[in-house]
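Asker: Following this message is one structure expressed as structure tokens.
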Amino acid sequence: MIVVTGATGNVGRTLVRILTEDGVPVTAVARNIAGPGTVAADLAEPESLRGAFEGADALFLLAAGERPYDVLDVAKAAGVRKVVLVSSQGAGTRPEVYAQPRQFEAAVRESGLDWTILRPGGLDSNAFAWAESIRARRTAAAPFGDMGLPFVDPDDVATVAAAVLRDERHAGATYTLTGPAPTTPRARAAAIARALGEPVTFAEQSRAEAYELMASFMPLPVVEGTLAILGEPTEEEQRVSPDVERVLGRAPGTFAAWAERNATAFR
């Protein structure tokens, strides 16, 4: 049985569906979740996870909360043998900023369990932040409108996770997950416009405007790190990784395909 934490998120929701459709027993875990095969629990409170982990042999772990060692101790006590962590590309490229995922990575490597670490770059689903403004005004705003990064489809992250959870050959690997090519915020807004069949106006924010908005819901060090990646990415952050294709045997999906699949969110 596989436990999927963050089961209501953009990656976890798809991962639960893939595993369930393949006939794999799954326990879906999130803070606010209900229904058969689900457990409401919080990674910030490791003791709440005991019931979810009972009978599991593998764990898909979201880097959430501040007690990764305690979470993994609970998992090991329940008999979990394998953990797949979804971390962040920034844990490798900007470790001084992405301290939380770095801590989770260290805990996983030191756990004594079989482990695999997934480091996605920016997710295509970040574009959902535009959903309200596109629905209401057909506008999308972002800083650094012409800076390209190889954002990745969260469904590809979930598909990679499903593969490595069930294949021992990925033990001890760290995979960077990106899309097939860099895309700019302006180009992503245009792709959503094509999916809708209607114009969408792109408005470029200043760095200060983006900082003020992001600081309303993100820790300030993460805001600084995120803006640095968006505006002054390193060569590694701009590079297309081969790891999605290495695991899945196919190229990762494009942002345009993601926009077509999720067009209803912007109508």
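Asker: Apply the Karplus curve 6.51 cos²θ - 1.76 cosθ + 1.60, θ = phi - 60°, to the phi angles in segment 179-196 and return the couplings in whole Hz, x for Gly and Pro.
Answerer: Using θ = phi - 60°, the values come out as x, x, 6, x, 10, 9, x, 4, 5, 5, 4, 5, 5, 5, 4, 5, 5, 7 Hz.
Asker: Another question, if that's okay. Under the Karplus relation 6.51 cos²θ - 1.76 cosθ + 1.60, θ = phi - 60°, what is the ordered set of whole-Hz ³J(HN,Hα) values for segment 136-142, x standing for Gly and Pro?
Answerer: 7, 10, 6, 10, 9, 10, 6
Asker: Mind checking the angle between helix 154-165 and the chain's longest principal axis? C-alpha axes, 0 to 90 degrees, to the nearest 10.
Answerer: The answer is roughly 20 degrees.
Asker: Taking only protein heavy atoms and a 1.4 Å probe, what accessible area per residue, in Å², does segment 20-86 have with all protein chains in place?
Answerer: On the way: 3140 Å² over 67 residues.
That works out to 47 Å² for each residue.
Asker: Which value results when the Cα radius of gyration for segment 110-163 is divided by 2.2 N^0.38 Å? If you can, show how the numbers build up before the last one.
Answerer: Details: Rg = 16.0 Å, N = 54, 2.2 N^0.38 = 10.0 Å.
For segment 110-163, the normalised Cα radius of gyration is 1.60.
Asker: Kindly express, to the nearest 10 degrees and within the range 0 to 90, the angle between helix 220-231's C-alpha long axis and the longest C-alpha principal axis of the chain.
Answerer: Approximately 60 degrees, to the nearest ten.
Asker: Where the accessible area of the chain is counted over protein heavy atoms with a 1.4 Å probe, how much of it, in %, is carbon and sulfur? Write down the numbers at each step before the final one.
Answerer: On the way: 6140 of 11950 Å².
So the carbon and sulfur contribution to the accessible surface is 51 percent.
Asker: On a 1.4 Å probe surface of the protein chains, which of Arg246, Arg135 comes out largest in accessible area, and what is the full order? The partial results should precede the final answer.
Answerer: On the way: Arg246 150, Arg135 120 Å².
Ranking Arg246, Arg135 by accessible area, largest first, yields Arg246, Arg135.
Asker: On the principal axes of its Cα set, how long, how wide and how thick is segment 126-256? Give whole Å, largest value first.
Answerer: 48, 38, 25
Asker: For segment 8-123, what's the radius of gyration and Dmax over Cα atoms, in angstrom?
Answerer: 13.8, 41
Asker: Using the Karplus curve 6.51 cos²θ - 1.76 cosθ + 1.60 with θ = phi - 60°, work out ³J(HN,Hα) for each residue of segment 73-85 in order, rounded to whole Hz, and write x for Gly and Pro.
Answerer: With coefficients 6.51, -1.76 and 1.60, one gets 4, 5, 4, 5, 4, 7, x, 5, 10, 9, 9, 10, 9 Hz.
Asker: Give me the 1.4 Å probe accessible area per residue for segment 106-227, excluding ligands and nucleic acids, in Å². Let's see the in-between values first.
Answerer: Numbers: 5280 Å² over 122 residues.
Dividing the accessible area of segment 106-227 by its residue count gives 43 Å².
Asker: Rounded to the nearest 5, what % of DSSP beta bridges with both residues in the chain are antiparallel?
Answerer: Values: 1 of 31 bridges.
Antiparallel: roughly 5 percent of the beta bridges in the chain.
Asker: So how strong a dipole does the chain carry about its Cα centre when Lys and Arg Cβ are +1 and Asp and Glu Cβ are -1, to the nearest 20 debye?
Answerer: Details: 26 positive and 34 negative charges, 118 e Å.
Here the size comes out at about 560 debye.
Asker: Residues with amide H under 5 Å of Leu123's amide H, sequence separation 5 or more or different chain, H placed in the peptide plane at 1.01 Å from N; which?
Answerer: For Leu123, whose amide H was placed from the backbone, the distant partners under 5 Å are Val152.
Asker: I would also like to ask the following. What size of dipole, in debye to the nearest 20, comes out for segment 167-260 about its Cα centre when the only charges are +1 on Lys and Arg C-beta atoms and -1 on Asp and Glu C-beta atoms?
Answerer: My answer is approximately 280 debye.
Asker: Under Stokes-Einstein, with the Kirkwood radius over Cα pairs standing in for Rh, what whole-number D in µm²/s applies to the chain at 20 °C and 1.002 mPa s? Each step should come with its number before you reach the end.
Answerer: Working: Rh = 19.1 Å.
Answer, rounded: 112 µm²/s.
The values are calculated or read from the model by the stated rules, or taken from the named source; none is laboratory data. Bear in mind the structure is a predicted one, so any value in this text is a computation, not a measurement. Note that each Cβ is placed from the backbone with ideal geometry, even for glycine, and that neighbours are counted across all protein chains shown. Ligands, DNA and RNA are excluded from the accessible area calculation, which covers all protein heavy atoms including side chains. Shrake-Rupley method; radii C 1.70, N 1.55, O 1.52, S 1.80 Å.
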